[in-house]
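No value in this document is a laboratory result; all are computed from the given coordinates. Since we're looking at a predicted model, the values are computed, not measured. Every residue, glycine as well, gets a Cβ built from its backbone with ideal geometry; the counts of neighbours run over all protein chains shown.
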Amino acid sequence: MVKIGEFRLTSGLYSPFYIDMRKLYSYPDLARKVVGELVSRIPLDDVDVVAGVETAGIPLAAFIACLTSRPMAYVRKEKKDHGTSSAVEGVVRGRRVAIVDDVVTTGNSLTKAVQNLIEAGAMPIKAIVLVDREQGAKKALRNYGVKLYALLTARDIFRDLHSAGLITKEDYIRVMEYLEKFREE
C-alpha cells in the first residue's frame with residue numbers, strides 16, 4: 001500500500017511516495033482491525049453523522065458508521081447535474097458531522113466537502129483520515145473550525161518501514177526531507 005517513486009497527487013503536488021489505502025477493503029479482517037483501531041482512538045461522542053468523501057472515504061465511512069451505529073452520508077466531488085443536483089447524499093441538516101477520507105495531503109478535498117456540508121445545512125466539526133501526509137490539511141481545516149484526526153502520519157509510516165528494514169536509508173532520507181518542507185506547527 002506504500003510505494004516509492006515519483007507520483008503526481010490529486011493536489012497537483014509531486015511526491016517521492018504514494019500511500020494507497022483503497023486496497024484495504026479487499027482484506028476485510030485487516031480492514032476491520034484498522035478501522036477498529038481508528039474508532040478506538042478518535043472521540044465520536046459529539047458526532048451525529050459520519051460522511052465519507054467520494055470515493056475512497058465512502059467505504060471507510062461505511063465501516064465507521066457500522067462499528068459506531070451512526071448514520072452515514074457521503075459528499076460528492078461535484079454536484080449531480082441531474083435529479084436533485086445535490087453534492088451531499090444523506091440526512092445532514094442540523095447535524096454535527098465527521099468528514100471521513102482515506103489519506104489527506106493539502107486538505108483541498110476535505111475543505112471542499114466541508115463547504116458542501118455547510119451549504120447542505122450540516123455542522124462539520126471534525127475530519128477523520130487513516131493517513132495524514134502532513135502537507136497542510138490540518139491548517140486548512142482549522143480555518144473552517146474543523147479538527148483533523150489521523151490514525152497515522154506519513155512520518156510514522158516511513159519511520160516504521162525504515163526501522164523494520166523495509167525501505168532503504170536513502171529512500172527514508174529522501175521521503176523525510178520531502179516531508180520536512182511541509183512541516184506544520
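Tabulated results
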quantity: Qualifying aspartates and glutamates (Cα of each under 14 Å from Cα of K139; at least 8 residues distant if same chain); calculated: E184, E185
quantity: Helix-derived mean residue ellipticity, 222 nm - over the chain, DSSP H n ≥ 4, -39500 (n - 2.57), to 500; calculated: -11000 deg cm²/dmol
quantity: Normalised contact order of the chain, rounded percent, pairs of Cα under 8 Å and 6 or more residues apart; calculated: 17
quantity: Alpha carbon centroid spacing (whole Å) that separates the range 98-118 from the range 154-172; calculated: 28
quantity: Folded to 0 to 90 degrees: helix 154-163 orientation relative to the chain principal axis, Cα; calculated: 30
quantity: The range 1-76: relative contact order as a whole-number percent, Cα under 8 Å and 6+ apart; calculated: 22
quantity: Structure-derived semi-axes √(5λ) of the Cα gyration tensor in Å - corresponding label in (1) 37, 19, 15; (2) 32, 20, 16; (3) 29, 18, 15; calculated: (3)
quantity: Net charge dipole size for the range 59-185 [Lys, Arg +1 and Asp, Glu -1 on Cβ; Debye, nearest 20]; calculated: 520
quantity: Between 0 and 90°, nearest 10: helix 57-68 axis offset from the chain longest Cα axis; calculated: 70
quantity: Percent of beta bridges antiparallel (DSSP, the range 30-106, rounded to nearest 5); calculated: 20
